[in-house]
Structures are given as C-alpha cells and as structure tokens.
1. For A137, are the conditions met, namely being part of a helix (DSSP H, G or I) and aliphatic (A, V, I, L, M)?
2. Collect the residues in region 182-206 that are at pLDDT 80 or above, of a type outside the set (A, V, I, L, M) and either under 19 Å from K160 (Cα atoms) or not in a helix (DSSP H, G or I) (or both), keeping them in residue-number order.
3. Identify, please: which residue in region 107-139 is in contact with a Phe, Trp or Tyr (Cβ under 9 Å, 6 or more places away or on another chain) and of a type in the set (G, A, S) and is, among those, surrounded by the most Cβ atoms within 10 Å (Cβ to Cβ)?
4. Would you point out which residue out of G143, G181, G154 is surrounded by fewer than 21 Cβ atoms within 10 Å (Cβ to Cβ) and either of a type in the set (G, A, S) or at positive phi (or both)?
5. List pairs: first residue in region 184-200 and in contact (Cβ under 8 Å) with a residue 60 or more places away in the chain and within 15 Å of V108 (Cα to Cα), second residue in a helix (DSSP H, G or I) and polar (S, T, N, Q) anywhere in the structure, Cβ distance under 7 angstrom, at least six positions apart or on different chains.
6. Can Y168 be described as among the aromatic types (F, W, Y), touching a residue at least 60 places away in the same chain (Cβ under 8 Å) and touching a helix residue (DSSP H, G or I) at 6+ places or on another chain (Cβ under 8 Å)?
Amino acid sequence: MKKFLMLAAALLMLFCSCQNEVRESRPPAGGSRVAANVTKCLSGSDTVGVMLKVERIIDGDTFEGHVIQNPKTAYNPGVNPWMVQLTKIVVRITGIDAPERGQFYGDVATLHLQWLISGKAVGLKLKQKDMYGRWIATAYYDGADIGAEMLKEGLAWHYKEVDGNPLYAQLEAEAKLAGLGLWCDDRAVPPWEWRRMSKFERDAYR
C-alpha cells in the first residue's frame, strides 16, 4: 500500500509538471507589451549576442528578421520564449557601407547578401541602435563574418569614418587592387557621398 501511494504521488507530480510546461509554452495575453520588453532587454552598454532568422534583405548591408535566441534572457523566467521569437528587428551591418539601390553595383550587392544569408539563422553581436531604429551589429553565418565577406568580394566600402577594423581595411584594399566588384569602375562613388547628391548629379553617373 505504501509503495502504491508513493507511485501515485510521483505520477501526480509528473502530471502537474507537464501541465505547467504546456501553459508556459503558450503566448500570454498582452503579447506586444512582452515583445517590447524583450526588445528592451536587447539593449544595454554591453555587446549582446543573439540569433536571428533572416527574412528580408533590404540592401547590401541591411536586413530584417526575427530573433530566435537571446542568450542574455534565455534563462530569465520573466521572458517568454514565444515573445523572443516574435521580436522583429532591422540590422545594419557594422563597419561597411554597400552601394545603394539605384547606384552602380547596388543590386549586385543586395543579391549577394541575399545569397549569403537569406532564410538562414545568423549570429549577431549587437552594438546599439542608430537614428533610424536599426540595430548596428556584426553578423556571422557558419563562422564567417558577413561584413568581411562583402568587402572581400568588392561589394561594399569599409566605413572608416566609424570603424577602425584593420581586417576590413585590408580586405577593401585587396579587393580594390584586384578590381573586384564595384572596384572595376574608376567612377565608383561611396554611398555616403551618393546619398548627398542631387538627382541630377546621380543621373550623371548612370
């Protein structure tokens, strides 16, 4: 009889545990508020690592997707894992500046970034948000630095004004020397200059 009671108690505890897991796996009411809290958790003075499922390539240095893992909050019982996965962010790759769409090699850069990471889970080292609400981050896929890959193919400039990465400077110099990608055109204009041009000035380069 004693053994029977102990077995019944163990089964009851197991049942309760399973019920709790089912309840915790469902998105709670007020999901948008929780999602906002998760986004807030991504910010801070320290570099934060997350995994992101890439869903849309905006241009050669910017993309969008949903956070699928956030190690900083992974073991925080106050953050529901469903809400982490519902957090959509726009990412601007740090240290590079790819040609704009409509600019020489802009479409090629966009297509190459799409080939590299579209639909894939990439690792991010988030730094901070810019004035447009995008996260500035270093992006990785399968051990490769995506910013470095874009520079290596001659499909982006090293944004030296805001980044002092010596590897990026070297990769840009090597691509330029080899005449790869956008460097095959002596008239290639850095995107930060292109953005300041008038329509008339831009048309002169087409």
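The values are calculated or read from the model by the stated rules, or taken from the named source; none is laboratory data. This structure is a prediction, so every number in the text was calculated from the model and none was measured. Cβ sites come from the backbone with ideal geometry, for glycine too, and all protein chains shown count toward neighbours.
1. no
2. So the first thing to find is which residues in region 182-206 are at pLDDT 80 or above, and the list is 182-185, 188-193, 195.
Next, from what is left, pick out any that are of a type outside the set (A, V, I, L, M): 183-185, 190-193, 195.
Within region 182-206, W183, D185, P190, P191, W192, E193, R195 qualify.
3. Filtering region 107-139 down to residues in contact with a Phe, Trp or Tyr (Cβ under 9 Å, 6 or more places away or on another chain) leaves 113-114, 116-118, 120-129, 139.
Now drop any that are not of a type in the set (G, A, S), which leaves 118, 121, 123, 139.
Working: S118: 14, A121: 14, G123: 17, A139: 26.
Result: A139.
4. On the way: G181 fails: surrounded by fewer than 21 Cβ atoms within 10 Å (Cβ to Cβ); G154 fails: surrounded by fewer than 21 Cβ atoms within 10 Å (Cβ to Cβ).
Answer to the selection: G143.
5. Note: no pairs meet the criteria.
6. Working: among the aromatic types (F, W, Y): yes; touching a residue at least 60 places away in the same chain (Cβ under 8 Å): yes; touching a helix residue (DSSP H, G or I) at 6+ places or on another chain (Cβ under 8 Å): yes.
Yes.
Here's the yes/no breakdown for (1) assigned to a strand (DSSP E or B); (2) among the basic types (K, R); (3) within 19 Å of N165 (Cβ to Cβ):
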| residue | (1), (2), (3) |
| --- | --- |
| E100 | no, no, no |
| D107 | no, no, no |
| L113 | no, no, yes |
| L124 | yes, no, yes |
